[in-house]
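Student: Input: one structure, supplied below.
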Amino acid sequence: MAQRVVLITGASSGIGLACGKHLAERGFRVYGTSRRGEAGTPAPLPQAMTMIPMDVTSEPSVNDAVREVASREGRLDIVVNNAGFGYAGPVEFSTAEEARRQFDVNVFGVLRVCRAALPIMRAQRAGYIVNIGSIAGVIAVPFQGLYSASKFALEGLSEALRLEASPFGVRVTILEPGDFRTAFTANRRRTEEIGECYRTTCEAALERMAQDEQHGRSPLPVARLVLKIVNTPAPRLRYTAGPAEQRAAVWCNRWLPNGIVERGLRAYYRLGGG
């Protein structure tokens, strides 16, 4: 079997870099992307992993990167849409411009990459698209309303694409990670305004989030799960990765009354009220 070719967005650090290294070390030909085309680590990359520039908010940049991979390799077998970031702040004080920036990366960026890659995969009659969502795209997280909204949108986009692309042999999956130790915490942006009325609860909730993220495990389990998905002939639509309690919360959200879930979230994020 020919060496399978993988394109991973947002591969300079965190989950994207972990996936790139893990797949490259197991026989895949990996192209990781970042805005500057560099990995954000001094450690050497595996020989089978190459970094190239791509800005997912620019359609020409996305098209150029996908064409470069296809030109070098003559194929594109797997796309992992990992590029993303999060805004933090109350919904009331989130601006439409901040929402546009959030969606431009987390949703429209995925759309641009899929639009560029799908003609190649359809012609091959084979391919895998793994969209990196979030548990926050299944259970909305307070003071990350824009981020949760973008990941909820990614759920719907992935569901529809899976139905549309499957007749062409293209398998679409959404992987929902919980908290892992990455640069996501440091890269989180704040909304320009918070509002004094929300300041105390917002800061308490963000402190809890940062603790969970920075005390989490390395993102290697996500990389292992991506490997499992692309080696499965008929992968499921959804996979969840993360701490046991966060995966349990997804189950609770699906099956328990909403009031019980809300009380648990209020207590966990120190929101008070009822």
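Student: What are the residues in the stretch 186-219 that are of a type in the set (D, E, K, R) and part of a helix (DSSP H, G or I), if any? Explain how you work it out, then say what you get.
Tutor: Applying the first criterion (of a type in the set (D, E, K, R)) to the stretch 186-219 yields 188-190, 192-193, 196, 199, 203, 207-208, 212-213, 217.
Glu196, Arg199, Glu203, Glu207, Arg208, Asp212, Glu213 - these are the residues of the stretch 186-219 that are of a type in the set (D, E, K, R) and part of a helix (DSSP H, G or I).
Student: Filter the stretch 24-47 for residues that are within 18 Å of Ala70 (Cβ to Cβ) and at pLDDT 95 or above and give the result. Walk me through it before giving the result.
Tutor: Filtering the stretch 24-47 down to residues within 18 Å of Ala70 (Cβ to Cβ) leaves 28-33, 37.
Those that are within 18 Å of Ala70 (Cβ to Cβ) and at pLDDT 95 or above: Phe28, Arg29, Val30, Tyr31, Gly32, Thr33.
Results for (1) surrounded by fewer than 16 Cβ atoms within 10 Å (Cβ to Cβ); (2) touching a Ser or Thr at 6+ places or on another chain (Cβ under 6 Å); (3) of a type in the set (Ser, Thr, Tyr); (4) over 19 Å from Ala183 (Cα atoms), shown as yes or no for each residue.
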residue	(1), (2), (3), (4)
Pro46	yes, no, no, yes
Met51	no, no, no, no
Pro60	yes, no, no, yes
Val66	no, no, no, yes
Val69	no, no, no, yes
Glu73	no, no, no, yes
Leu76	no, no, no, yes
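Student: Also, I was wondering about something else. Return the pairs, sorted by first residue and then second, in which the second residue is among the basic types (Lys, Arg) and open to solvent by less than 30 Å² (accessible area, probe 1.4 Å), the first residue lies in the stretch 123-145 and is in contact (Cβ under 8 Å) with a residue 12 or more places away in the chain and assigned to a loop (DSSP other than H, G, I, E, B), the beta carbons are less than 7 Å apart, and the residues are 6+ apart or on different chains.
Tutor: Qualifying pairs under 7 Å: Gly133/Lys151; Ser134/Lys151.
Student: Still on this model: Quick one: which residue in Arg101, Arg4 is within 26 Å of Leu227 (Cβ to Cβ) and open to solvent by 30 Å² or more (accessible area, probe 1.4 Å)? Walk me through how you get there before you give the answer.
Tutor: Working: Arg101 fails: within 26 Å of Leu227 (Cβ to Cβ).
The unique qualifying residue is Arg4.
Student: Something else about it: Hey, could you check the stretch 152-192 for residues that are among the acidic types (Asp, Glu) and open to solvent by less than 20 Å² (accessible area, probe 1.4 Å) and say which is nearest to Arg208 (Cα to Cα)? Even if it seems obvious, please write down each step before you answer.
Tutor: First, pick out the residues of the stretch 152-192 that are among the acidic types (Asp, Glu): 155, 159, 164, 176, 179, 192.
Cutting the leftovers down to open to solvent by less than 20 Å² (accessible area, probe 1.4 Å) gives us 155, 176.
Values: Glu155: 25, Glu176: 20 Å.
Among them, the one singled out is Glu176.
Student: Please specify each residue of the stretch 59-100 satisfying the condition of being within 21 Å of the chain's Cα centre (by Cα) and free of Cβ contacts under 8 Å to residues at least 40 places away in the same chain.
Tutor: Within the stretch 59-100, Ser61, Arg100 qualify.
Student: Among the residues of the stretch 233-263 satisfying the criterion of being surrounded by 15 or more Cβ atoms within 10 Å (Cβ to Cβ) and modelled with pLDDT of 90 or more, which is farthest from Glu159 (Cα to Cα)?
Tutor: This residue is Ala241.
Student: Could you please tell me which pairs satisfy a Cβ distance under 6 Å, a separation of 6+ or placement on different chains, a first residue in the stretch 2-17 that is in contact (Cβ under 8 Å) with a residue 60 or more places away in the chain, and a second residue that is open to solvent by 20 Å² or more (accessible area, probe 1.4 Å) and among the β-branched types (Val, Ile, Thr)?
Tutor: Gly14/Thr182
The values are calculated or read from the model by the stated rules, or taken from the named source; none is laboratory data. Given the structure is predicted, the values throughout are model-derived calculations rather than measurements. With ideal geometry, Cβ positions are generated from the backbone for all residues, glycine too; neighbour counts draw on all protein chains shown. The area values use the complete protein model at the heavy-atom level, side chains included, leaving out ligands, DNA and RNA. Shrake-Rupley method; radii C 1.70, N 1.55, O 1.52, S 1.80 Å.
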